[in-house]
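Since every read-out is calculated from the coordinates, none of them should be taken as a lab result. Predicted model only: the values in this text are computed from it and were never measured. So basically every Cβ, Gly included, is an ideal-geometry build from the backbone, and we count neighbours across all protein chains shown.
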Amino acid sequence: MTSSTVLELPRTRVPDPVDAPTLRWGILGPGWIAQRFVESLQRNTAQEVTAVASRGLTRAQAFADNWGIRRAHGNYDALLASEDVDVVYVATPHTAHFDCAMAALDHGKHVVIEKPLALNGAQGRAIQERAAALGLFCMEAMWTSFLPKFDVIDQILEAGLLGTIRTVLADHGERFETDHRIYDPALAGGPLLDLGTYPVSLAYRVLGVPTAVAALGEPANDMVNGQISAVLSWAGIAQASLNTTILADTPNTASICGDKGMIVLDSTFYRPGAFTVRLGDGRSARYDDPVDGYVGGLAFEAAEAARRITAGDIESPVHPLDAAIATLDILDEIRRQVGITFPGEG
């Protein structure tokens with residue numbers, strides 16, 4: 001490759017998570033994602049997890065014993081009343097995010113809420129307003145937004161290397177067995193909140209709020225949706241073509257395409273990993289990241305929260321609540337068109 005075809009990429013500006021100030025974390029909901037979150041913090045940060053709570057003590061105690069956490073609580077209020085918890089990580093099922101976030105804030109705790117922030121845009125706004133009124137930090141744990149590779153992508157877009165963005169393509173599909181919780185309608189099942197959040201969030205990150213949304217869906221069974229494809233439009237400028245499904249494994253790739261070049265993100269696009277930049281003038285570059293998944297990636301969101309809380313901020317500029325709420329608004333419109341409702345909305 002000649003020097004004329006080599007493209008030099010910017011360096012990531014994301015600090016090492018281990019350097020973030022130490023805060024004391026409490027975990028609400030000792031499930032699958034909470035396990036990966038705690039493991040990531042313990043391996044990659046100086047953060048301290050001091051307490052975990054579940055709706056029953058047995059499950060919370062097992063989690064605490066496994067991860068060396070001092071306190072286990074058999075209900076959420078007991079953890080929220082603890083004096084040795086600075087910030088609460090809400091890792092409950094989607095349908096409990098709103099109530100848990102509001103309860104944490106009302107107990108005077110900063111809060112990081114596993115994605116999605118809430119079931120819908122209205123709930124998201126209520127959380128944002130409560131946090132602002134109380135002067136407490138609140139952030140959606142959309143871990144993708146905090147990864148070093150997405151900071152590099154942001155810099156590429158800010159520099160205009162791709163020109164005017166015309167097309168975003170993204171999919172996130174995984175085949176699940178019917179006994180998985182994603183098939184449970186009482187837990188807001190279906191692909192949209194678990195998987196579809198990622199493609200929609202990417203499209204918003206690149207292009208902002210769309211002017212139009214068109215969506216079609218296919219059922220998984222009589223109770224939950226199984227697959228959705230959506231086209232988002234920014235009138236006269238760009239489109240995004242997005243797909244999410246629980247019925248089949250898909251490539252899980254994404255592309256950001258402008259009139260001067262493109263970025264192609266490897267599978268799985270929302271995790272740590274690699275991407276390729278190709279410009280119309282023949283220059284290209286490859287960005288490589290350690291492909292260490294959740295354990296390597298979740299630490300960045302926790303470190304960002306710790307830095308912002310220590311600084312006295314109530315939101316993160318890396319992933320502000322407006323971005324989380326805008327994503328929920330798009331998901332709300334997709335659901336309206338497809339005919340999906342979730343329990344506990346309002």
Over the range 79-226 - Rg/Rh using Cα atoms and the Kirkwood inverse-distance radius: 1.01
PRE zone check, label point 7 Å out along Cα-to-Cβ of ARG24, amide N under 19 Å, scope the range 83-124, hits 83-90, 104-112
Cα-projected label distance for ARG13 with ILE237, points at 7 Å along beta-carbon direction, nm: 2.1 nm
Checked against the positive end of the charge dipole of the range 241-285 (+1 on Cβ of Lys and Arg, -1 on Cβ of Asp and Glu, about the Cα centre), the farthest of ALA285, ILE256, GLY273 is ALA285
Taking the simple approach of a point 7 Å from Cα along Cα-to-Cβ for both ALA81 and ASP222, what is their distance in nm? 4.5 nm
Let me check I've understood the local charge: for ARG271, count other residues with C-beta under 11 angstrom from its C-beta, Lys and Arg +1, Asp and Glu -1. What total comes out? -2
Can you return the lysines within cross-link range of LYS260? Criterion is Cα-Cα under 27 Å, with same-chain partners fewer than 8 residues away left out. LYS149
In degrees from 0 to 90, rounded to the nearest 10, what is the angle of the helix 121-134 Cα long axis to the longest principal axis of the chain? 60 degrees
In degrees, nearest 10, range 0 to 90: what is the angle between the Cα axis of helix 57-67 and the longest Cα principal axis of the chain? 60 degrees
For Cα Rg over 2.2 N^0.38 Å, with candidates (i) 1.13; (ii) 0.99; (iii) 1.05, the value calculated from the shown model is option (ii)
Could you work out [θ]222 nm for the chain from helices alone, using -39500 (n - 2.57) per DSSP H run of at least four and dividing by all its residues? Round to the nearest 500 deg cm²/dmol. -10000 deg cm²/dmol
Compute the length gained on full extension between VAL291 and LEU57: take 0.36 nm times their separation in residues and subtract their Cα-Cα distance, giving the result in nm to one decimal. 80.7 nm
If you take every DSSP beta bridge whose two residues both sit in the chain, what share of them, in percent to the nearest 5, is antiparallel? 55 percent
Can you compute the FRET efficiency between THR5 and THR164 using 1/(1 + (r/R0)^6), with r the Cβ-Cβ distance and R0 = 30 Å? Round to the nearest 0.05. 0.85
Search the structure for amide H atoms under 5 Å from the amide H of GLY261, placed 1.01 Å from N in the peptide plane, and list their residues when 5 or more places away or on another chain. GLY280
